[in-house]
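Only the coordinates and a few stated rules stand behind these numbers; no lab work does. Given the structure is predicted, the values throughout are model-derived calculations rather than measurements. Note that we place each Cβ from the backbone using ideal geometry, even for glycine, and neighbour counts take in every protein chain shown.
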Amino acid sequence: MINIKKFTYQPGEHEAEKASNSYLMSLVALIAGLPLPIMNLIATLVFYVSNRKGTYFVRWHCTQALLSQLSMLFINSFGFWWTVSIIFSNEIITAKYIAYIIVALIFNITEFIVTIYTAIQTRKGIHIEWWFYGNLTNLICRTGL
Amino acid sequence: MKKTIIQGLIIVALFFSAWFFLSKIDWLSIFKIEKLSSTTEEKLGELFWEVFQKSEKENNNPFVVNSIDSLITKICISNKIDRETIKVHILYKDDINAFALPDGHLIIYTGLIEHSDNEQELCGVICHEIAHIQQRHVMKKLVSEIGLSFLISISTGSGGSETIRETAKLLSSKAFDRNLEKEADIKAVDYLVNAKINPGPFADFLYKLAGEESEVTNYFTWISTHPDSKERAEYIVEYAKDKTANYKTILTQNTWQKLKVQ
């Protein structure tokens, strides 16, 4: 799920703090923005944009945090609107709905735990690449900016 | 690049397969959702029926009750509907109206029986209301109109009697969502055809009332609460066009005529 890898260079203290903050941003906004699933994405996006001219290490982790938030947005938005339609319209609670909410919760909790762990490790200057998201970030985030 | 795509697809597959397998579990029984909602519905049905029972006079004439019961039993048997789930109440009122309450309570006003030209017309309206009951439209309407939490508070006795009266009035005087009405009409045609009752007069009934609507609006409650009756009659005719069966009457002509004057 997560791999500790050697980064192309050893990030400095300031860089590690900023990179770690990109994950913390999503966590804080997730708690503050509940139940709206978009708040954490907006917070991460704002942080990403403000750091797009930052160092490679910071940009890399901002991108990984953003990508993970983006995929959670799809899962959570669908669940959110499904719930809204049950409360306010003619939809009824089905086994399918409950199963969806359980799976969405499992994915969210996993992402939450991994995000906390990554935030802690990144703060120490340790480079962590997530399964799939790490590879995707490597494709998107280039060294030469 | 290829590795990343495969990993992405694995995550997507993992999500959907987990959803698929988890949805096979009967969560509704585990969380007792169905039990909770059926108890709530039962309680609401009783409360609303009490409102009408107190304000209107029930027609308990055995001839009328048995005749209507013959019609409903025939419709239920032909459509594999548990007859016990439909609780019919005939009330003395000139309004041309019939409506469903939660938990299968079906209220029919004597005005509807009097103004139906034949049993097929009456059966059409009854089938329409049974369709609302079978498709669980009543609870859906209540939830969307007044909210789930409020409904539960009424059923647990926290709602005032005025609120219950207002909500009961809402059920008798306000139409369902347009899509639900159409669904009930189409289902009603199926019920009628299965029971070998000609659906044509049901459409005629709507045409007839739509035409007379402007003249005597006061009594045509069922039509005024069910908008676009002409359009409804048209799609009923269209849907019933391909359906043919050996149509029969349930009651004898004599019984029907007697029923209308009782």
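Convert 25 °C to kelvin, take the viscosity as 0.890 mPa s, use the Kirkwood radius over C-alpha pairs of region A:3-82 as Rh, and evaluate the Stokes-Einstein diffusion coefficient in µm²/s, rounded to a whole number.
Rounded, D is 187 µm²/s.
Of all the C-alpha pairs in chain A, what % are more than 28 Å from each other?
In whole percent, the long-distance tail amounts to 23.
If I take R0 = 22 Å and measure r between the Cβ atoms of B:THR255 and B:LYS196 in this structure, what FRET efficiency does the formula 1/(1 + (r/R0)^6) give, to the nearest 0.05?
0.80
Which order results if B:PHE20, B:PHE205 are arranged by neighbouring Cβ count within 10 Å, fewest first?
Final ranking by Cβ density, sparse to dense: B:PHE20, B:PHE205.
Averaged over peptide B:8-20, how many Cβ atoms belonging to another chain are found within 10 Å of each residue's Cβ?
Averaged over the peptide's residues, the number is 3.
Can you sort B:HIS89, A:HIS127, A:HIS14 from fewest to most other Cβ atoms within 10 Å of each residue's own Cβ?
A:HIS14, B:HIS89, A:HIS127
Roughly how crowded by other chains is peptide A:101-107, in terms of the mean Cβ count from those chains within 10 Å of each of its Cβ atoms?
4
Could you rank the peptides A:59-65, B:10-16 by their average count of other C-beta atoms within 10 Å per residue, with the highest value first?
A:59-65, B:10-16
Semi-axes of region B:33-261's equivalent ellipsoid from the Cα gyration tensor, sqrt of 5 times each eigenvalue, largest first, rounded to whole Å?
Working from the Cα gyration tensor, I get semi-axes of 28, 19, 18 Å.
Under the definition of Cα pairs under 8 Å and six or more residues apart, what whole-number percent is the relative contact order of region A:2-140?
41 percent
Classify region B:61-105 as rounded, prolate or oblate, taking a ≥ b ≥ c as the square roots of the eigenvalues of its Cα gyration tensor: rounded when a/c is under 1.5, otherwise prolate if a/b is larger than b/c and oblate if not.
oblate
Give B:LYS141/B:LYS182; B:LYS93/B:LYS208; B:LYS74/B:LYS241; B:LYS57/B:LYS258; B:LYS57/B:LYS140 a once-over and call out the pairs whose C-alpha atoms are over 25 Å from each other.
From the list (B:LYS141/B:LYS182; B:LYS93/B:LYS208; B:LYS74/B:LYS241; B:LYS57/B:LYS258; B:LYS57/B:LYS140), the Cα-Cα distance tops 25 Å for B:LYS57/B:LYS140.
In Å and whole numbers, how far do the C-alpha atoms of region A:75-145 stretch along each principal axis, longest first?
Cα extents, longest axis first: 53, 25, 17 Å.
What are the DSSP H helices in chain B that stretch 15 Å or more along their long axis, judged by alpha-carbon atoms, and whose average Kyte-Doolittle hydropathy comes to at least 1.0?
Span-like helices in chain B: B:2-22, B:62-78.
Restricting to bridges with both residues inside the protein assembly as shown, how much of the DSSP beta-bridge set is antiparallel, in percent to the nearest 5?
Counting DSSP beta bridges with both partners in the protein assembly as shown, the antiparallel share is about 65 percent.
Per DSSP H run of n ≥ 4, the term is -39500 (n - 2.57); total these for the protein assembly as shown, divide by its residue number, and report the mean residue ellipticity at 222 nm rounded to 500 deg cm²/dmol.
So the helix-based figure for the protein assembly as shown works out to -22000 deg cm²/dmol.
In whole Å, what are the Cα extents of region B:1-142 along the three principal axes, biggest one first?
78, 30, 24
If packing is taken as the mean number of other Cβ atoms within 10 Å per residue, what is the order of B:191-200, B:237-246, highest first?
Ranked from most to least packed, the peptides come out as B:191-200, B:237-246.
Along the Cα→Cβ direction, 7 angstrom out, place labels at A:ASN3 and B:VAL12. What is the inter-label distance in nm?
Taking the two extended label points, one gets 2.2 nm.
Taking every residue in A:12-22, how many Cβ atoms of other protein chains lie within 10 Å of its Cβ, on average?
0
Give me the net charge for the shell around B:VAL138: Cβ to Cβ below 9 angstrom, other residues only, Lys and Arg +1, Asp and Glu -1.
+1
In whole Hz and in residue order, list the ³J(HN,Hα) couplings for region A:107-120 that follow from phi through the Karplus curve 6.51 cos²θ - 1.76 cosθ + 1.60, θ = phi - 60°; x for Gly and Pro.
Each residue of region A:107-120 in turn: 4, 5, 5, 4, 5, 5, 5, 4, 5, 4, 4, 5, 4, 5 Hz.
Lys and Arg at +1, Asp and Glu at -1: add these up for the other residues within a Cβ distance under 10 Å of B:ALA233 and post the number.
-3
Taking the square root of 5 times each eigenvalue of the Cα gyration tensor, what semi-axes in Å does the equivalent ellipsoid of the protein assembly as shown have, largest first?
Equivalent ellipsoid of the protein assembly as shown: 62, 21, 18 Å, largest first.
Under 5 Å between amide hydrogens, which residues at least 5 positions from B:LEU91 or on another chain qualify, with H placed 1.01 Å from N in the peptide plane?
HN-HN under 5 Å from B:LEU91: B:ASN59, B:ILE108, B:TYR109, B:THR110.
In percent, what relative contact order does region B:33-261 have, based on Cα pairs under 8 Å that are 6 or more apart in sequence?
RCO, region B:33-261: 25 percent.
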